[in-house]
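Structure, as structure tokens:
Read-outs throughout are calculated quantities, based only on the coordinates presented, and are distinct from any laboratory measurement. As the structure is a prediction and not an experimental result, all values here were calculated from the model. Neighbour counts run over all protein chains shown; Cβ positions are idealised from the backbone, glycine included.
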Amino acid sequence: MPNSPLVERDLKVLWHPCTQMHDHPAVPLIPVRRAHGVWLEDFEGRRYLDAISSWWVNLFGHAHPAINEAVRRQLSEFEHVLLAGFTHEPAISLSEQLVALAPPGLTRCFFGDNGSSAVEIALKMSLHYWRNVGQPQRTEFVTVAHSYHGETVGALSVSDVGLYKAPYEPLLFKAYVAPSPDCRLRETGMNCAQHAGRALAGMKEILARHAKTVCAVIVEPLVQCAGGMRMHDPAYIKGLRALCDEFGVHLIADEIAVGFGRTGTLFACEQAAIRPDFLLLGKGLTGGYLPLSVCLTTDTVYEAFFADYSTGKAFLHSHSYTGNALACAAALATLEIFAQGDWIASNRGLAAVMGDALGALRDHPHVASIRQTGMIAALDLVADKATGQAYPGRERRGLAVYRYGLEHEALLRPLGDTLYLMPPYVIQEDEIRKVVEVMAAAIDQATA
Ligand code: PMP
């Protein structure tokens, strides 16, 4: 069967995420017939290597037998029940395991059903904590330049990517924006740690000025992903923890994209040896199977809400699908896969292959800033390598790379002109080399 009947039906009724629909059908829409491991397959038998883990959610490949089986098993018991007044073993086991795996001191799990919801939960919980402990004047948040935390109104308010945010400004609350620790922005002669120190000085100024009204700082530890795969030194996260302690504000670590081994450790915060007050997980939590997110927090936060009902201190936040049993079962199976192999070590090997393969692009006249943190590697297309001058956005060079990739068995979905690899952990070395070859040819064509 050709792809076209489904594409025609789709374009009559669907509105796709993060898409200018006018681009279709000139940019092909690919109906997926099946997916297995790192490969997606369409109805015409063409394959696409999922080099971006289907928006960073997939860890161990599509249609993983153990996760399939776990979801099936749960399905034979029940699919979903409300989590207020009722509970179930998958949610309890998952919470126990997350508490055991997370930095010590994160003892409570509050579930949401997508990453943005987890961000909303943390923002509301932090503000409500301060209210419950007699500091209701704390109503503000600090974020980091180029951050991305999701699309809902609160998450967008603490994000700093104009493309996604600008049209909605009248809806959003103001957050203070601290300088980005993105190592590419360092002055000549500085290293990443020194640049992190510079960014921390900017953060300190904001916190000093607003010490009495800020609830929390929110950060994407080690890699600011949707903002352009901007990477920073762990010293920044360590310093940020110290600043939050100094000024008595919460630290929210949004590990929705970078958690579960992406950066070379199970959680990115481990590389800074810190414990945030809120740790947000999503995406890979279910191995890329089902929507689920979680906000982990401390006893201190939990206890500030624990009081007689009449005090009005309860956290009355809910989502219909909170703690969905099928999603929890998928998450438990994902953690079981982690427990059965040394994925952090095998990822080190794969990451080295990624680095080595991308090294071939180092001298390309239109490639700049090849960078890598664990299983995330990125580079930028530039008009002028010497000055770092970007291409005009309207030229959509990244889109040309995407289209070339589709024609050559690779799903590369650049962020503007930033190309990156964030593959499932079951990718093979030869597949990494192949996808980088496709990327290189795509760059040649897109910049010719
Ligand atoms: N935080 C970060 C760091 C993210 O990368 C994303 C999604 N790309 C989100 C939050 C939002 O997650 P979701 O798309 O599941 O709402």
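Per-structure values
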quantity	calculated
Distant-in-sequence amide H partners of Y391 (H built 1.01 Å from N, under 5 Å)	A383
Under the Karplus curve 6.51 cos²θ - 1.76 cosθ + 1.60, θ = phi - 60°, whole-Hz ³J(HN,Hα) for the range 5-21, x wherever Gly or Pro sits	x, 5, 4, 4, 5, 4, 5, 7, 10, 9, 10, 8, x, 6, 9, 7, 4
Fewest-first ranking of I67, I443, using other Cβ atoms within 10 Å as the exposure measure	I443, I67
³J(HN,Hα) computed for each position of the range 319-324 - Karplus, 6.51 cos²θ - 1.76 cosθ + 1.60, integer Hz, glycine/proline x	10, 3, 9, 3, x, 3
Cysteines in the chain lacking a second Cys C-beta under 4.7 Å	C18, C109, C215, C225, C244, C269, C295, C328
Among M203, M354, M21, residue whose mean-square fluctuation peaks in a GNM of the chain (springs only between Cα atoms under 10 Å)	M21
Distance violations [Cα-Cα > 19 Å] among K174/K212; K165/K212; K174/K313	K165/K212; K174/K313
The range 204-360: antiparallel DSSP beta bridges as a percent of all, rounded to 5	45 percent
Lys/Arg +1, Asp/Glu -1 at C-beta; the chain dipole; positive extreme among V57, A377, I237	I237
Over the chain: helical MRE at 222 nm, DSSP H runs n ≥ 4 each giving -39500 (n - 2.57), nearest 500	-11500 deg cm²/dmol
Percent RCO, i.e. relative contact order, over the chain, from Cα pairs under 8 Å lying at least 6 residues apart	20 percent
